[in-house]
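Data first, discussion second: the structure below is written as structure tokens.
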Amino acid sequence: MTDHTAVIDPVEASPHQGRSAGREPSPLPLVTSLYVTQYLGVGFVYVGLTAMLRQQGVSLESLAAVSLAGVMWALKPLWAPLVDRYGHTSAGHYRTWLLVMQPLLALTGLALVTVREPERHLGLLGAVIAVYTFVSATQDIAADGLTARAVDDRTRPLANGVANAAQWLGNVLGGGVIVLVHAHLGWIPAMLTLTALSLMPLPMLLRHRERGADAPAPRLGQAYAQLGGVFRQPGGMRWGLVVMPLFLAGTTSAYGLLTPMLTDAGWSLTRLGWVMGFFLVAPAALASLAVGPCVHRYGARACLLVTGLVDALAIVALLPTATGHAPLVPTLVALAVYVAAMAASSTVVYSENMARARSASAATDFTTLAAVAMLASYLLGAALLAAAGSLGYPAVLGVCAVLALVGTAAAATRVRAGAGA
């Protein structure tokens, strides 16, 4: 594993940035804000907007087509080397990218204001979402690189827990707060709220001092030639192309069905906003934070096995919801257990991914591994959502439970006992 704290870049540590040579502040508040804002739009698009469109009679097949705009996230490795190679200024490297991407994220979110009747303009809506996703994906590359440089072997599990919890917070805030604003004030105030929240990390970014790389970044041609280098490390091919995508695709497969299922079961936008936007943040965030110490104590394989099995059982517990029977308390319990298991699983996986990222190409390596998982999850999620339109929710949810078990079995048999994969 790489020690990202070993070298401080002399330019980035220069006095003109206004920092003393004393103890550096924790990067975790900045990491939290970056990942929260990154997932605000994702939560709104894939939870809140899905509920709004479904209530307006948009078919599951059309919802699946709109959701495919998220595949842009899986294409991040195509421009991740550009982020690794360029952008180094006196303000830092990944920090420079973030100082540009964060305002752009707010502006592209603001562009959604122009789509006032989204159910009648699905093509335009999909195009705007694709642009938003591109900017969000680029911000994610830079945030991953900044985080990978800021942590070491000791702090990496906690940092990944914080980042994953922050992603969930952003996801549920986007799928909750923005939905509630829309329900009470309308489309334009909701989009303005999304825009304002996207600017939250800027004050901390302006004060942050970025650490330098342990090794110089490769030339651009070399970076693209070595784009798959993370898979050529010991165990990299097995982990990155088989175990990880199979496990994450299985454990997250049911998530895209939750909002349309609950909508069709008669839940109002207000209830969906409160549940998906406020209630679920607690189990997801707590599970993300708690699993880091568990990895240290029990090892990655044990944690993947437990979280995967709990995930599959929670999917089975959601079967009554798939039939249109969604009483509040039992449904809340099943949802809480499912998102907690899913969040914990993701934290373990991404901690291993970050450990495999090489310092000189931290953003590219981490992004490449994440992109493989995202491609599998987005394509599978869209296919399952479309299939639910013809096969029904119960049959598709049963498939999700089987996929979660298959992914868990792969992780349990292919990941070594202990901390690594």
- Message: More than 37 angstrom separation, counting every C-alpha pair in the chain; what % is that?
- Response: 19 percent
- Message: With equal scatterers on the alpha carbons only and no solvent term, can you work out the Debye log10 of I(q)/I(0) for the stretch 279-421 at 0.12, 0.20 1/Å?
- Response: -0.55, -1.30
- Query: Along its principal axes, what span do the Cα atoms of the stretch 224-333 show, with the longest given first and each in whole Å?
  - Reply: 50, 34, 23
- Message: At R0 = 35 Å, how high is the FRET efficiency between Ala111 and Trp274 if r is their beta carbon distance? Nearest 0.05 is fine.
- Response: 0.80
- Query: So what's the angle, to the nearest 10 degrees on a 0 to 90 scale, between helix 281-298 and the longest Cα principal axis of the chain?
  - Reply: 50 degrees
- Item | Distant-in-sequence amide H partners of Gln226 (H built 1.01 Å from N, under 5 Å) | none
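Just how large is the dipole of the stretch 144-266 about the Cα centre, in debye to the nearest 20, putting +1 at every Lys and Arg Cβ and -1 at every Asp and Glu Cβ?
Here the stretch 144-266 has a charge dipole of around 400 debye.
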- Query: Which Cα, out of Trp73, Leu125, Gly174, lies furthest along the positive dipole direction of the chain (beta carbon charges, K/R +1, D/E -1)?
  - Reply: Trp73
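List the relative contact order of the chain as a percent without decimals, with contacts defined as Cα pairs under 8 Å and 6+ residues apart. Let's see the in-between values first.
Values: 735 pairs, mean separation 122.6, N = 421.
Over the chain, the number comes to 29 percent.
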- Item | In Hz, Karplus ³J(HN,Hα) per residue of the stretch 55-65 (6.51, -1.76, 1.60; θ = phi - 60°; x = Gly, Pro) | 5, 8, x, 5, 5, 5, 4, 5, 4, 5, 5
- For helix 122-150, report the angle its Cα long axis makes with the longest principal axis of the Cα atoms of the chain; keep it between 0 and 90° and round to the nearest 10°. 40 degrees
- In degrees between 0 and 90, to the nearest 10, how far off the longest principal axis of the chain does helix 255-264 point, with axes built from Cα atoms? 30 degrees
- Task: Return the Rg/Rh value of the stretch 56-209, two decimal places, where both radii are evaluated on C-alpha atoms and Rh is the Kirkwood radius.
- Result: 0.99
- Please sort 325-334, 187-196, 248-257 by packing, taking for each peptide the average over its residues of neighbouring beta carbons within 10 angstrom, highest first. 248-257, 187-196, 325-334
- Task: Under 9 Å from the Cβ of Ala362, count the other residues' Cβ atoms, weight Lys and Arg +1, Asp and Glu -1, and hand me the total.
- Result: -1
- Task: May I ask you to evaluate 6.51 cos²θ - 1.76 cosθ + 1.60, the Karplus curve with θ = phi - 60°, for each residue of the stretch 174-187 and list the ³J(HN,Hα) values in order in whole Hz, giving x for glycine and proline?
- Result: x, x, x, 4, 5, 5, 5, 4, 5, 5, 9, 10, x, 5
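Computed from the coordinates by the stated procedures, all read-outs in this text should not be read as laboratory data. All of these numbers come straight from a predicted model, not from anything done at the bench. Counting neighbours? That spans all protein chains shown, and the Cβs are built from the backbone with ideal geometry, glycine included.
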